[in-house]
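In what follows, a single structure is set out as structure tokens and then discussed.
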Amino acid sequence: MYVMPRFVLLLSIFVSSALVLDAQDSKYALPSVAAEKDLPGEGTLRRYAGYVNTWARLREQWSTQIKQDQGAVVFLGDSITQGWGPTFRGHFAGVKLANRGIGGDTTRGILIRLEQDVLTLNPKAVVILMGTNDIEIGLEPELIARNFTKIIKSLQEHNPAMPIILCRMFPSSAVKKRPTEKIQKVNQLYENVVRNDSQIIVVDTFTLFDDGNGNALPSYFPDLLHLNTAGYSKWASALNPILATLGFMETEPDEFELEEGFQSLFNGRDLTGWGFRPTAPRKPPKNPRPGAPVFVQIKQAEDFKGKIQSSDQRYRAVNGRLVVTTPAEGRRIQQLWTTTEFGSDFVLKLEFRATPNADSGVFIRKPQLQCRDYVLAGPYKDLKNYKPQLWNELVVTVAGGVAHATCNGELLTDNMPVPATGPIGLEGDRGQMEYRRIRIKIVE
């Protein structure tokens, strides 16, 4: 067995200590143990050398970039966020970005550096992922949630109109001292904090990376904690639709041309041809469950001709896409309908893109065809051609009162009975769903 010479060992200890002292002398250093007690947040700050040095080094570097990073979309978090690197691995083309992730950071560490590292940039939006290190060092979920609440409050006080994109904490593993029960508890507490707040957009990045047992998928997390290249690509795909809806990317006009015989149901600019229809009365539950779905009640019909969004802002026309936005309630069930009814046989074509685990639906005259992030939300989990978080084609053929539907050429149903006439509808439930190129061909 190799034994390190005493001189080398002492030199190693000396160099390590010197680096920590250097970091502690910096203006951007981790606060001392004595100073820590007077700082906001809860939980003891971490003190291992790698974290202390990275904290000081990155924050000093960022202090020189405040001017150039003004108005960026800021990614805030720990080592998983830091892993994007300064170039974000080539993702999010055209978006001005700033990485403010520090390996090993906790929610308290993030709270302490929030003003200098993030708010001074006057960000256009903030993408946050945090809490996994708190769990690893044994902090209780309720404490983590209290720090998280302070972070959200500070962001909102700085700019009440700034979108905050909350990524649900990724799964990991009990062998990494991050058991799924704790992670899911923290995620639930986070969502309780932000529920009904339209400034925060929640993205279900837990389910996105869940192996089905609450642990991280090794194909994306080789060490069950940090993402590999494929994992970052998958995370980017989950965020792209949200950033597009916010107008940060995919702003080019859609050059799609209608096929012969088809008519467009959506002009790409506004919601002309669409509206709300009155809903049947619904008795409220006597003892509603916390976080239960909200069923929207519509008393009078509304026509959104010439309007870029519905009266409740849930449905929006954004750069050629009809977007069903993520509801602040978590789940909000409602429908947008065409103002025209279709009694003849027809072929309906459209494309859709779903955020992770999103749930929507396309109504054919009246019955609903589930349109979801199928691989996560079902019911068609075994589709081979479905492309998660990318555009997929839905084709529905109605003939003789029966609907036949395919997704990217794969059969969804060939025997869905439909009424003799009725409109086309788009449902909102959870997550974000986008539709585009919505068109219909009447078959006489």
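All of the numbers you see were taken from the coordinates with simple rules; none came from a lab. Source: prediction; values computed, not measured. Cβ atoms come from the backbone with ideal geometry, glycine included; neighbour counts cover every protein chain shown.
Quick look at the numbers
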quantity: Peptides 86-96, 277-287, 236-246 ordered by average Cβ neighbours within 10 Å, highest first; calculated: 236-246, 86-96, 277-287
quantity: Values of log10 I(q)/I(0), in the order q = 0.20, 0.21, 0.22, 0.27 Å⁻¹, for region 363-444 under a Debye, Cα-only, solvent-free model; calculated: -1.01, -1.11, -1.21, -1.63
quantity: Extension reserve of the T229-A35 stretch, reckoned as 0.36 nm per residue once the Cα distance is removed; calculated: 66.0 nm
quantity: Equivalent-ellipsoid semi-axes of region 250-316, from the Cα gyration tensor, Å, largest first; calculated: 33, 15, 12
quantity: Cα-Cα P(r), region 35-162, percent of pairs per 10 Å interval; calculated: 13, 46, 35, 7, 0
quantity: For the chain, size of Cβ-based charge dipole, Lys and Arg +1, Asp and Glu -1, in debye; calculated: 820
quantity: Theoretical gain in end-to-end length, N287 to K366 [0.36 nm per residue, Cα-Cα removed]; calculated: 25.5 nm
quantity: Order of F170, F304, F295 - criterion: other Cβ atoms within 10 Å of each residue's Cβ, fewest first; calculated: F295, F304, F170
quantity: Virtual spin-label span in nm between Q297 and A174, 7 Å along Cα→Cβ; calculated: 4.6
quantity: Net charge contributed by nearby residues that have their C-beta within less than 13 Å of Q368 (K/R +1, D/E -1); calculated: 0
quantity: Most mobile of P160, P388, P171 in a GNM of the chain (Cα contacts under 10 Å); calculated: P160
quantity: 20 Å binning of all Cα-Cα separations within the chain, expressed as whole percents from 0 upward; calculated: 23, 50, 22, 5, 0
quantity: Ordering of 71-82, 391-402 by packing [mean C-beta count within 10 Å, highest first]; calculated: 71-82, 391-402
quantity: Computed over region 263-443, Kirkwood Rh from alpha-carbon pairs, angstrom; calculated: 16.6
quantity: Helix runs (DSSP H) in the chain reaching 20 Å along axis by Cα, Kyte-Doolittle at least 0.5; calculated: 6-25
quantity: Q313-L119 pseudo-label distance in nm [points 7 Å out on the Cα-to-Cβ vector]; calculated: 2.3
quantity: Mean residue ellipticity (222 nm) of the chain, computed from DSSP H runs ≥ 4 via -39,500 (n - 2.57), nearest 500; calculated: -8000 deg cm²/dmol
quantity: Approximate spin-label separation T339-T64, in nm, with each point projected 7 Å along Cα-to-Cβ; calculated: 5.9
quantity: FRET E, pair K96, L390, Förster distance 22 Å, beta-carbon r, rounded to 0.05; calculated: 0.40
quantity: Directionally averaged projected area (convex hull, Cα atoms, region 21-245), nm²; calculated: 11.7
quantity: Equivalent ellipsoid dimensions for region 199-312 as semi-axes, Å, which come from the Cα gyration tensor, largest first; calculated: 35, 27, 13
quantity: Extreme residue, positive dipole direction of the chain, given options P40, S310, S154 (C-beta unit charges); calculated: P40
